[in-house]
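Trainee: The structure under discussion is supplied below as structure tokens; questions concerning it will follow.
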2 protein chains.
Amino acid sequence: MATMHDVARLARVSVSTVSYVLTGTRPISQATRDKVLAAMAELDYQPNAMARGLASRRSRIVGLLMPMDERGLGATETAFVTGAAAAASAAGYHLVLSPVGVGDVDDLRRLASQRMLDGAVLMEVQVSDARVGALQEAGVPLVLIGRTGDTSDLSYVDIDFDQTVREAVAHLVGLGHRRIVYVNHSAATIEAGYGPAVRTREAFVAAMAGHGLEPLMIPAEDSAAGGRAALAAALARTPDLTAVLVMNESAIFGILGELTTRGLRVPDDVSVVSMVTSPQVAELATPALTAMTSPGSALGRMAVEALLRHLEGAGEQHQQLLPCALEIRGSTGPASTAPAGTDDLTDHIPAARTGRHRIDPTGSGPPGT
Amino acid sequence: MATMHDVARLARVSVSTVSYVLTGTRPISQATRDKVLAAMAELDYQPNAMARGLASRRSRIVGLLMPMDERGLGATETAFVTGAAAAASAAGYHLVLSPVGVGDVDDLRRLASQRMLDGAVLMEVQVSDARVGALQEAGVPLVLIGRTGDTSDLSYVDIDFDQTVREAVAHLVGLGHRRIVYVNHSAATIEAGYGPAVRTREAFVAAMAGHGLEPLMIPAEDSAAGGRAALAAALARTPDLTAVLVMNESAIFGILGELTTRGLRVPDDVSVVSMVTSPQVAELATPALTAMTSPGSALGRMAVEALLRHLEGAGEQHQQLLPCALEIRGSTGPASTAPAGTDDLTDHIPAARTGRHRIDPTGSGPPGT
DNA sequence: ATGAAAGCGCTAACAG
DNA sequence: CTGTTAGCGCTTTCAT
């Protein structure tokens, strides 16, 4: 493996000159530059990353930090990762993937102190996240995907939940739906202050209010079974619902299954919009789901790009929201029943629909809280 | 940030002593070790990764190399990544994620020459993969997830397709199925020599022969539409099929949709087994899919562990196959019709089933080739 | 515009 | 068992 010394000798210049043509931090005459470049090519020279990192105190490595629990990554998180990896790679940086859960602050501190990372992108951020402080104290430049509660002097990229919910609701209202139920994450997740769950809840209330409609909401465990239960509870409470807006990617197929089980057709009887969903997942359903497609890889890319901008000196704070894009597929259509509050409702209820159970929902809090 | 020098001074020993208590490469008296450890704790010392890497010529970084094309990672690939990341992290190594497609051999050579990686795990391996040679020439220790055609002097972990297919077929045969259709990846993918497609095809022929059954096979494009088309073609050719074995994770939902469209119930009329599928995806279907669950994160973990064993000196070649685990869910049941070849078949065909089209399959090669 | 030389923080001979 | 010292390959003053 050729070293910079070898290149210098072959080109009959000093090592520093070679270094400078590489880094471009001082003017080099065209003649010498050519000589050096030729020597590099001849020797197939590649700078040693460790040596460069030690001397320059910049590793050209950025970390992608995320908790990696049992259930693995969803499609959206995976897109963050691939987007980030692509962006880092394109900029000549390396991306190290580090499993750092919210509880592993000590590990994180250790990682940060090794001076291996020039900066970090933090995923799956909680409203109150100890990892942020740890990184900041360690002096590691940081960009979040998601947001903590207090975002002053923090850089982040996140989904524009407000705008996303507004568009989804507008789409359904435009189709004549008025009894729209919002299926969120679990009550526990909302309690815990999980940003997407909290923000979409508020956005939904606001959006519905904007149309003069009542915000019907129900939590769901992150599973197919949770989806089934949530839909059952929603129907029990709101028998005349004509549309469901689903935030819970894990529950969506349970919801669809339960609809089918009850003989409710999508979209004829009930329209379904899935929020923050990848196109791949949306296409799995039959009919394919109308969805608010999350800008997953774009967020990953932008997070890394913002971070690199930090590292390159332009230390501006970067706070950016990206809405999910409405992609209309087959799961939404015109409302099948008359608006809620009227009494000619039964005329429009399909046969199978009369079989609905009217049991109380279990394990789920009251809507709207 | 404290350096080793600071620790040495505080502990009143030489830097080399500090270094040796850290690396353990030479005996240290308990007394000195304690002094040093105390000093480290006091100063909150963490070794500088770059300096250590430069001096020792070992970065403690391993690469996870994979092509990152448009459609993103599937659940199985994602599991490789998380498994690998967890294993690396547990062993005190860092994992850099590098997007290196089959065509990017130059990028790969450059990456390898930077001496940043102690070794690499290569994903999405093709039968003939230029990246393998490039890495070997660069002297980068390597473990594959998957296999090339010639595996002599290569280390790899891969799915045991033979065993997996055998178990899946045995499960179906045990339920009385005899007309079983195997839905593979696309003809083009098979032509290209994509290992999983080729190996499962051969395994299916062998497994069916072992039961004295005819191996019915059909390719499918990697999409829901491809799945629908494949099922239609399969029914056209084999109207009395009672089970489908699906290798194509992207097509599976199309197949299920098409079955539903035709009024064929799962598992009453047709049993479905999905191969090399993650539990998460299997749970998405209604009913949940009986599946051969891929040992995704285990493979990722084992690949990294094998690689690290290489790096730590035990340079044994590691070749290991792991079968997918049969997880019986709701999509398989007893065969609904009499064995193929008998004529009392029509008695058992459900009403909706008579509507099958008998058109020729289009865009799909003959089965069994 | 170029060179010489002093580190960056650590490992690993080489010497006791 | 411990200390001294020469690098690892590069960046970056300080000179010229």
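The values are calculated or read from the model by the stated rules, or taken from the named source; none is laboratory data. Note that the structure is a prediction, hence the values are computed from the model and not measured. Ideal geometry is used to build each Cβ from the backbone, glycine not excepted, and the neighbour counts take in all protein chains shown.
Trainee: Considering region A:274-293 alone, what residues qualify as being at pLDDT 90 or above and part of a loop (DSSP other than H, G, I, E, B)?
Mentor: A:Leu289
Trainee: Same structure again: I need the full set of residues from region A:300-342 which are of a type in the set (S, T, N, Q) and either modelled with pLDDT of 95 or more or in a helix (DSSP H, G or I) (or both), in order please.
Mentor: A:Gln319, A:Gln320, A:Ser331, A:Thr332
Trainee: Which pairs have Cβ atoms under 7 Å, sit 6 or more apart or on different chains, and link a residue in region A:61-86 that is of a type in the set (Phe, Trp, Tyr) to one that is part of a helix (DSSP H, G or I)?
Mentor: From region A:61-86, the pairs are A:Phe80/A:Gly296; A:Phe80/A:Leu299; A:Phe80/A:Gly300.
Trainee: Okay, next question. Filter region B:243-271 down to residues that are more than 14 Å from every other protein chain (Cβ to nearest Cβ) and in contact with a strand residue (DSSP E or B) (Cβ under 9 Å, 6 or more places away or on another chain) and give me whichever is nearest to B:Ala75 (Cα to Cα).
Mentor: B:Met247
Trainee: Please work out which residue is nearest to the other protein chains (Cβ to nearest Cβ), limiting yourself to region B:222-242 and to residues that are in a loop (DSSP other than H, G, I, E, B) and touching a residue at least 40 places away in the same chain (Cβ under 8 Å).
Mentor: It comes out as B:Leu241.
Trainee: Same structure, new question: Being more than 9 Å from DNA strand C (Cβ to nearest atom), among the charged types (D, E, K, R) and over 30 Å from B:Pro323 (Cβ atoms) is true for just one of B:Arg52, B:Arg33. Which residue is that?
Mentor: Among B:Arg52, B:Arg33, only B:Arg33 is more than 9 Å from DNA strand C (Cβ to nearest atom), among the charged types (D, E, K, R) and over 30 Å from B:Pro323 (Cβ atoms).
Trainee: Let me ask another. How many residues does region B:230-255 hold that are small (Gly, Ala, Ser) and crowded, with 23+ Cβ neighbours inside 10 Å?
Mentor: Looking only at that region, the number is 6.
Trainee: Report whether or not A:Ala41 is more than 16 Å from DNA strand C (Cβ to nearest atom), over 30 Å from B:Pro295 (Cα atoms) and either modelled with pLDDT of 95 or more or in the same structural domain as A:Ala120 (by TED's automatic domain parsing) (or both).
Mentor: So A:Ala41 fits the description; yes.
Trainee: Among B:Ala86, B:Ala90, which is at the interface with chain A (Cβ under 7 Å from one of its Cβ atoms) and away from DNA strand D (no atom under 16 Å from the Cβ)?
Mentor: B:Ala86
Trainee: Residues to consider are A:Ser297, A:Ser271; find the one that is of a type in the set (Ser, Thr, Tyr), crowded, with 24+ Cβ neighbours inside 10 Å and either at pLDDT 90 or above or not assigned by TED's automatic domain parsing to the domain that holds A:Pro334 (or both).
Mentor: Of A:Ser297, A:Ser271, the one residue that is of a type in the set (Ser, Thr, Tyr), crowded, with 24+ Cβ neighbours inside 10 Å and either at pLDDT 90 or above or not assigned by TED's automatic domain parsing to the domain that holds A:Pro334 (or both) is A:Ser271.
Trainee: If you scan region A:29-75, which residues turn out to be among the β-branched types (Val, Ile, Thr) and either closer than 30 Å to B:Val281 by Cα or surrounded by 21 or more Cβ atoms within 10 Å (Cβ to Cβ) (or both)?
Mentor: A:Val36, A:Ile61, A:Val62
Trainee: Limited to region A:38-63, what total is found for residues that are more than 21 Å from B:Leu108 (Cα to Cα) and either within 7 Å of DNA strand D (Cβ to nearest atom) or facing chain B (nearest Cβ under 10 Å) (or both)?
Mentor: 5
Trainee: Quick one: in region A:207-225, of everything that is small (Gly, Ala, Ser) and farther than 19 Å from A:Thr164 by Cβ, which residue is surrounded by the fewest Cβ atoms within 10 Å (Cβ to Cβ)?
Mentor: A:Gly212
Trainee: How many of the residues in region B:9-27 are surrounded by 18 or more Cβ atoms within 10 Å (Cβ to Cβ) and either assigned to a loop (DSSP other than H, G, I, E, B) or among the hydrophobic types (A, V, I, L, M, F, W, C) (or both)?
Mentor: Residues flagged as surrounded by 18 or more Cβ atoms within 10 Å (Cβ to Cβ) and either assigned to a loop (DSSP other than H, G, I, E, B) or among the hydrophobic types (A, V, I, L, M, F, W, C) (or both) within region B:9-27 amount to 5.
Trainee: Going through region B:87-103 one residue at a time, which ones are more than 16 Å from B:Leu144 (Cα to Cα) and without any contact (Cβ under 8 Å) to a residue 60 or more places away in the chain?
Mentor: Of everything in region B:87-103, those that are more than 16 Å from B:Leu144 (Cα to Cα) and without any contact (Cβ under 8 Å) to a residue 60 or more places away in the chain turn out to be B:Ser89, B:Ala90, B:Gly92, B:His94, B:Gly103.
Trainee: Counting only residues that are free of Cβ contacts under 8 Å to residues at least 24 places away in the same chain and within 16 Å of DNA strand D (Cβ to nearest atom), which one in region B:104-138 is surrounded by the fewest Cβ atoms within 10 Å (Cβ to Cβ)?
Mentor: The selected residue is B:Arg110.
Trainee: Do you know which residues across region A:1-37 are aliphatic (A, V, I, L, M) and more than 14 Å from every other protein chain (Cβ to nearest Cβ)?
Mentor: A:Ala8, A:Leu10, A:Ala11, A:Val13, A:Val15, A:Val18, A:Val21, A:Ile28, A:Ala31, A:Val36, A:Leu37, listed by residue number.
Trainee: Right, here's the next one. For A:Gly72, all conditions in the list (1) within 16 Å of DNA strand D (Cβ to nearest atom); (2) in contact with a Gly (Cβ under 9 Å, 6 or more places away or on another chain); (3) in a loop (DSSP other than H, G, I, E, B) hold save one; what is the number of the exception?
Mentor: (1)
Trainee: Got a number for residues in region B:1-37 being within 7 Å of DNA strand D (Cβ to nearest atom), more than 20 Å from B:Gly53 (Cα to Cα) and without any contact (Cβ under 8 Å) to a residue 12 or more places away in the chain?
Mentor: Summing the residues that are within 7 Å of DNA strand D (Cβ to nearest atom), more than 20 Å from B:Gly53 (Cα to Cα) and without any contact (Cβ under 8 Å) to a residue 12 or more places away in the chain in region B:1-37 gives 5.
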